[in-house]
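Here the structure is laid out as structure tokens; the discussion comes afterwards.
Bear in mind that the values in this text are calculations on the coordinates, not laboratory data. Here the structure is a predicted model, which is why all the values come from computation and not from measurement. As a convention, Cβ positions derive from the backbone with ideal geometry for all residues, glycine included, and neighbour counts pool all protein chains shown.
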Amino acid sequence: MLDTGQDEFGTRTLPKSQVTLAKAVSRYLTGHMEERITLEQLSDHFHVSGTYIKNACKAVYGVPLYVYIRTQKMESAAYMLESTDKSILEIAGEHGYDNGSKFARAFRDVKGMAPGEYRKRNGKEKYFQQRLAYANFRERR
């Protein structure tokens with residue numbers, strides 16, 4: 001019988017080394033959000049081939065490494081748009097983008113709207129409006 005790496009339910013099991021590497025790469029990328037990290041840099045840092053890193057991340061996270069990196073950066077940027085008063089360009093710079101239009105395009109690809117529109121819909125003002133509405137609702141009960 002050929003071992004496909006699947007359990008009795010058909011769920012694919014991954015080697016612990018792949019999972020450990022993918023998580024370490026994720027932590028590293030999170031700690032270096034403001035940098036443009038290349039696959040070669042990751043390979044040098046973790047002392048494994050770039051192909052092994054790409055395969056491990058794809059297996060664990062289900063998307064190619066570059067998609068994972070961009071998504072993580074845009075989720076972090078979205079949080080900053082919601083919770084800070086920093087300019088969009090400042091946030092872009094803190095996520096490794098020196099070009100505002102490239103950042104806006106990446107943000108739109110991941111979040112489905114421009115950063116400015118996202119901030120209007122989800123920023124601190126919206127949060128406080130929701131909290132106030134909830135407090136008013138509780139008072140009326």
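Work out, step by step, the length gained on full extension between residue 32 and residue 82: first 0.36 nm times the residue separation, then minus their alpha carbon distance; give nm to one decimal. That pair, residue 32 and residue 82, stretches by 15.9 nm at full extension. Computed over the alpha carbons of segment 27-106, Rg followed by Dmax gives 13.5, 40 Å.
The calculated FRET efficiency for the pair residue 12 and residue 109, based on their C-beta separation and a Förster distance of 30 Å, comes to about 0.60. Once you divide the Cα radius of gyration of segment 70-141 by 2.2 N^0.38 Å, the number left is 1.30.
Taken over the chain, the convex hull of the Cα atoms encloses 166 Å³ per residue.
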